[in-house]
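Here the structure is laid out as structure tokens; the discussion comes afterwards.
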Amino acid sequence: ALLGRGGRPRPPPQQSGDTFTVSAVDFRDEESVEAFVARVEESSGPVALGVHNIGANVQFSVAETTPQVFRKTWELAALSSLHFARALGARMASRGEGTLIFTGATASLRGAASFSAFAAAMHAKRALAQSLARELGPQ
């Protein structure tokens, strides 16, 4: 299943024999993510690999970073990671197999001028992924 930014599904790559499900899902909403994963597994079978590649890269000075910008950036990077992990992690753990991958950014390790919201959100995403690895990995 391929998802795109801004609620726009991405066209699938054209490769012989591959099939794709294309959907627009708001990963900030837990029910939407859960419903999406259930639809994918119902139509295509168990998900063996999930890749979370939502980053929400924004560049604003601290003075320009409103609480709304900070919150939305955190929701897109960190909260969506939690919804993704909850929807897939339990299913994978019950089957005893599966892989979750979270993409990151240098901002998850260190902040930079005008990237306070992005750095905070990506650091939260990284910390969540590390916690999940220690919790779900042994399962």
Next on the checklist: I need the full set of residues from region 19-32 which are open to solvent by 70 Å² or more (accessible area, probe 1.4 Å), modelled with pLDDT of 90 or more and not in a helix (DSSP H, G or I), in order please.
Outcome noted: Arg28
Next on the checklist: Looking at Ala107, Ala119, Ala78 in this structure, which one is more than 19 Å from Gln139 (Cα to Cα) and touching a strand residue (DSSP E or B) at 6+ places or on another chain (Cβ under 6 Å)?
Outcome noted: Ala107
Item to check | Subset of region 33-53 (residues that are out of contact with any Lys or Arg (no Cβ under 8 Å at 6 or more places or on another chain), open to solvent by less than 40 Å² (accessible area, probe 1.4 Å) and assigned to a loop (DSSP other than H, G, I, E, B)) | outcome: Gly45
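Per-residue answers, yes or no, for (1) assigned to a loop (DSSP other than H, G, I, E, B); (2) farther than 18 Å from Val25 by Cβ; (3) open to solvent by less than 40 Å² (accessible area, probe 1.4 Å):
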| position | (1), (2), (3) |
| --- | --- |
| Gly55 | yes, no, yes |
| Phe70 | no, yes, no |
| Leu79 | no, no, yes |
| Arg126 | no, yes, no |
Next on the checklist: Taking the criterion of being within 15 Å of the chain's Cα centre (by Cα) and among the β-branched types (Val, Ile, Thr), would at least one residue in region 85-99 satisfy it?
Outcome noted: yes
Checklist entry - Right, Ser81: touching a Phe, Trp or Tyr at 6+ places or on another chain (Cβ under 9 Å), at pLDDT 90 or above, on the phi < 0 side of the Ramachandran plot and among the polar types (S, T, N, Q) or not? => result yes
Next on the checklist: Just to check your reading of the model, which residue among Met122, Met92 is buried (at least 19 other Cβ atoms within 10 Å of the Cβ), in contact (Cβ under 8 Å) with a residue 24 or more places away in the chain and over 20 Å from Glu30 (Cβ atoms)?
Outcome noted: Met122
Next on the checklist: Let me confirm something: among Ala133, Ala107, Ala87, which residue is modelled with pLDDT of 95 or more and assigned to a helix (DSSP H, G or I)?
Outcome noted: Ala87
Next on the checklist: Restricting to region 41-85, count the residues that are within 17 Å of Glu97 (Cα to Cα) and of a type in the set (Val, Ile, Thr).
Outcome noted: 2
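The values are calculated or read from the model by the stated rules, or taken from the named source; none is laboratory data. Fair warning: this is a prediction, and the values are worked out from it, not measured in the lab. When we count neighbours, we look across all protein chains shown, and the Cβ atoms used for this are built from the backbone with ideal geometry, even at glycine. Just so you know, the surface numbers come from the protein's heavy atoms only, side chains and all, with ligands and any DNA or RNA stripped out. Shrake-Rupley method; radii C 1.70, N 1.55, O 1.52, S 1.80 Å.
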